[in-house]
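J.: Sharing a structure, written as structure tokens. Questions coming.
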């Protein structure tokens, strides 16, 4: 049963952590092959499920240690019809995998949740196509139709919300919001940005957020930025701007490399965890509405621990 669907606790402003870069951690640190960068395939066998439990428990421990909230994001970024079909999954098999993903997070929530550490379960929605390139672009109504089934499936589970991660063009994000509204599911939209702080389409982040909000009566619970380094976007986040205040979450890359450079890289760039934590704290100083903090490519539990260490005192100071 969903615990927080009617009242997401992260909207109250306290610090909530998420995990880091699940795919890069599993591939580069754990040596696990992920075809098409699809972590959901691990749910298909017991050893894979145990690898996912090990991965998420590291973040559960960090949240418990620092006394923060935690958002457990399902490993379903690639679990949509096109990617699943390419990997040999039937529609029935894909539906079962999405359910299993939420069930696994339910088990983990039961292990860790306490009064100091509320745990929100989020069903992760990924882009239909490439995470970096807006190929095979849909209009918002095609996107609504495409993502509807996965969102409706999550609505029938214990998921408290859905989060669309690495959205690289606004129409797909808008379609996901329309489908979530139809399913009465809270939704967060996370846009990815290039080194110039714009979406891969060249659209300004401001325009993208305002377009989604104006078309949906501001239905998203909040917005996020992921798969970009803080150096790429901190200058566009002007304190006090109404659209900036809608951004509550960051899942930054460890690396300063562009998407094109990351695609060509043969080794993982983990950056500097302590430096990244300091950059998150700097952004929190400027933008006190930022309270959902995690990582993306190249980040792992070291980065999230440093983010918690740097940012948790800022939340105490605000009480």
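J.: Evaluate region 292-309: report whether one residue or more is out of contact with any helix residue (DSSP H, G or I) (no Cβ under 7 Å at 6 or more places or on another chain) and without any contact (Cβ under 8 Å) to a residue 12 or more places away in the chain.
T.: No, every residue in region 292-309 fails to be out of contact with any helix residue (DSSP H, G or I) (no Cβ under 7 Å at 6 or more places or on another chain) and without any contact (Cβ under 8 Å) to a residue 12 or more places away in the chain.
J.: Working only within region 65-75, note down all residues that are surrounded by fewer than 17 Cβ atoms within 10 Å (Cβ to Cβ) and assigned to a helix (DSSP H, G or I). Quick ask: steps written out before the conclusion?
T.: Narrowing region 65-75 to residues surrounded by fewer than 17 Cβ atoms within 10 Å (Cβ to Cβ): 65, 67.
Result: 65, single match.
J.: Among the residues of region 38-48, count how many are assigned to a helix (DSSP H, G or I) and either at pLDDT below 95 or surrounded by fewer than 16 Cβ atoms within 10 Å (Cβ to Cβ) (or both). Lay out the reasoning, then the answer.
T.: Initial filter on region 38-48 (assigned to a helix (DSSP H, G or I)): 39-44, 46-48.
This time we only want the ones that are either at pLDDT below 95 or surrounded by fewer than 16 Cβ atoms within 10 Å (Cβ to Cβ) (or both), so: 44, 46-47.
Summing the residues that are assigned to a helix (DSSP H, G or I) and either at pLDDT below 95 or surrounded by fewer than 16 Cβ atoms within 10 Å (Cβ to Cβ) (or both) in region 38-48 gives 3.
J.: Which number in (1) under 30 Å from residue 135 (Cβ atoms); (2) touching a strand residue (DSSP E or B) at 6+ places or on another chain (Cβ under 9 Å) marks the one condition that residue 82 misses?
T.: Condition (2) is where residue 82 drops out.
J.: Among the strands (runs of 3 or more DSSP E) lying completely within region 123-227, list those that include at least 3 residues that are under 17 Å from residue 78 (Cα atoms).
T.: Working: elements: 161-167, 187-192, 222-226.
The strands (runs of 3 or more DSSP E) meeting that bar are 161-167, 187-192.
J.: In region 158-172, what count of residues is obtained for those that are touching a residue at least 60 places away in the same chain (Cβ under 8 Å) and either touching a helix residue (DSSP H, G or I) at 6+ places or on another chain (Cβ under 6 Å) or closer than 11 Å to residue 71 by Cβ (or both)?
T.: Within region 158-172, residues that are touching a residue at least 60 places away in the same chain (Cβ under 8 Å) and either touching a helix residue (DSSP H, G or I) at 6+ places or on another chain (Cβ under 6 Å) or closer than 11 Å to residue 71 by Cβ (or both) number 5.
J.: Sticking with this one: Is there a residue in region 123-136 that is out of contact with any strand residue (DSSP E or B) (no Cβ under 8 Å at 6 or more places or on another chain), modelled with pLDDT of 95 or more, under 22 Å from residue 208 (Cα atoms) and surrounded by 17 or more Cβ atoms within 10 Å (Cβ to Cβ)?
T.: Kept after step one, since they are out of contact with any strand residue (DSSP E or B) (no Cβ under 8 Å at 6 or more places or on another chain), are these residues of region 123-136: 128-130, 133-136.
With the extra rule that they be modelled with pLDDT of 95 or more, the set shrinks to 128.
When the remaining residues are screened for being under 22 Å from residue 208 (Cα atoms), the result is 128.
With the extra rule that they be surrounded by 17 or more Cβ atoms within 10 Å (Cβ to Cβ), the set shrinks to 128.
Checked against the condition, which is being out of contact with any strand residue (DSSP E or B) (no Cβ under 8 Å at 6 or more places or on another chain), modelled with pLDDT of 95 or more, under 22 Å from residue 208 (Cα atoms) and surrounded by 17 or more Cβ atoms within 10 Å (Cβ to Cβ), region 123-136 yields at least one hit.
The values are calculated or read from the model by the stated rules, or taken from the named source; none is laboratory data. Note that this is a predicted model, so its numbers are computed, not measured. Quick reminder, even Gly has a Cβ in these numbers, built from the backbone with ideal geometry, and neighbours come from all protein chains shown.
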